[in-house]
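Participant: One structure, as structure tokens, below. Some questions next.
The values are calculated or read from the model by the stated rules, or taken from the named source; none is laboratory data. Remember, it's a predicted structure, so these values are computed and weren't measured experimentally. Glycine also receives a Cβ, built like all others from the backbone with ideal geometry; neighbour counts cover every protein chain displayed.
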Amino acid sequence: MRKHVAMVLLVGLCLWGLAQPSPLGLVPQPVPGFSLSIWTEKPQYTVGETARFFVYLSQPAYLYVFDIEPTGHIRLIFPNYFSPNPWKGAGTHVFPDGNYVFRVQPPTGKETLQAVACFQPLPVPLGTENDPYPLLGPDPQSGQAKVLGLVPEPSCGCCATAWTSFQVLPATPTYPCPPCWIGPCPPCFGVWPGMCWYYNPVSGSWQIVIGEDRPGSGWYWCLGPDGQWKFHIYLCFGSCP
């Protein structure tokens with residue numbers, strides 16, 4: 001799961017007529033005295049981060065949360081193998097709600113969470129230890145059809161739905177720290193391929209330099225295009241930069 005919107009979208013059933021079409025094709029019907037909303041902790045996440053989301057129920061109900069990936073694939077993320085009980089009381093609930101995490105995975109792009117709350121349980125799959133958040137179909141169309149087949153007809157007045165979106169961003173590349181097998185150790189941040197840490201033996205400080213730009217005699221740890229560090233000693237005689 002994942003994360004973006006300039007403002008988190010909270011959809012209560014009282015506003016069903018003003019909301020965008022339901023991502024899962026469910027027809028929102030107002031349920032008297034029953035409201036439901038869902039939102040994420042942040043509007044965007046990078047791949048590898050852990051994420052949380054929140055659901056508000058005005059009345060106790062059976063809660064189901066579906067994750068619609070940027071590809072359109074649909075997974076049931078609550079209830080799941082680690083937290084199989086869908087019954088939730090009135091109030092705000094935080095997810096994950098147990099000893100597990102939601103870690104953001106590729107692909108990047110817009111992702112959507114849709115909550116469905118019903119006064120009767122739905123026959124959903126709970127997944128396994130190896131696949132705790134089951135994919136509901138091999139393609140977006142079959143996944144949507146599976147969800148529609150699980151939820152009772154809107155005319156029963158026993159379910160409500162709400163959704164929110166977020167943006168999944170690519171992870172920032174990370175590089176190993178310099179091996180530091182000789183001399184003072186440079187900082188372990190702030191350099192990308194093609195740049196170097198330069199150590200000035202006079203001031204005893206480090207600074208970032210680009211390419212062949214050498215401030216003077218000193219030690220250099222340079223990060224090559226292959227992501228590997230290389231150590232250089234630069235000696236300047238006579239007139240130095």
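Participant: I need the full set of residues from region 75-95 which are among the hydrophobic types (A, V, I, L, M, F, W, C) and crowded, with 17+ Cβ neighbours inside 10 Å, in order please.
Facilitator: Leu76, Ile77, Phe78, Phe82, Phe95
Participant: Would you be able to tell me the number of residues in region 109-164 that are out of contact with any Lys or Arg (no Cβ under 8 Å at 6 or more places or on another chain) and assigned to a loop (DSSP other than H, G, I, E, B)?
Facilitator: Final tally of qualifying residues: 21.
Participant: Then there's this: Suppose we filter Cys180, Cys196, Cys159, Cys118 for residues that are over 25 Å from the mean Cα position of the chain (by Cα), modelled with pLDDT of 80 or more and not assigned by TED's automatic domain parsing to the domain that holds Tyr45; which single one remains? Please lay out each step first, then the result.
Facilitator: On the way: Cys180 fails: modelled with pLDDT of 80 or more; Cys159 fails: not assigned by TED's automatic domain parsing to the domain that holds Tyr45; Cys118 fails: not assigned by TED's automatic domain parsing to the domain that holds Tyr45.
Among Cys180, Cys196, Cys159, Cys118, only Cys196 is over 25 Å from the mean Cα position of the chain (by Cα), modelled with pLDDT of 80 or more and not assigned by TED's automatic domain parsing to the domain that holds Tyr45.
Participant: Quickly run through region 168-188 and pick out the residues that are under 30 Å from Phe78 (Cβ atoms) and buried (at least 19 other Cβ atoms within 10 Å of the Cβ). Show your work before the answer.
Facilitator: Initial filter on region 168-188 (under 30 Å from Phe78 (Cβ atoms)): 168-172.
Selection gives Val168 alone.
Participant: Which one of the conditions (1) touching a Pro at 6+ places or on another chain (Cβ under 6 Å); (2) over 30 Å from Thr174 (Cα atoms) does Pro28 fail to meet, given that it meets all the rest?
Facilitator: Checking Pro28 against (1) touching a Pro at 6+ places or on another chain (Cβ under 6 Å); (2) over 30 Å from Thr174 (Cα atoms), the one that fails is (1).
Participant: Sort through Gly98, Gly48 and tell me the only one that's free of Cβ contacts under 8 Å to residues at least 60 places away in the same chain and surrounded by fewer than 16 Cβ atoms within 10 Å (Cβ to Cβ).
Facilitator: Gly98
Participant: Which of (1) more than 15 Å from Ala160 (Cβ to Cβ); (2) in contact with a Cys (Cβ under 8 Å, 6 or more places away or on another chain) is the odd one out, the single condition Val116 does not satisfy?
Facilitator: Among (1) more than 15 Å from Ala160 (Cβ to Cβ); (2) in contact with a Cys (Cβ under 8 Å, 6 or more places away or on another chain), the lone unmet condition for Val116 is (1).
Participant: Considering (1) touching a helix residue (DSSP H, G or I) at 6+ places or on another chain (Cβ under 8 Å); (2) assigned to a loop (DSSP other than H, G, I, E, B); (3) buried (at least 17 other Cβ atoms within 10 Å of the Cβ), say which one Val191 fails and leave the rest.
Facilitator: With (1) touching a helix residue (DSSP H, G or I) at 6+ places or on another chain (Cβ under 8 Å); (2) assigned to a loop (DSSP other than H, G, I, E, B); (3) buried (at least 17 other Cβ atoms within 10 Å of the Cβ) applied to Val191, the lone miss is (1).
Participant: In region 27-52, how many are over 19 Å from Gln167 (Cα atoms), modelled with pLDDT of 90 or more and assigned to a loop (DSSP other than H, G, I, E, B)?
Facilitator: Matching residues across region 27-52 total 1.
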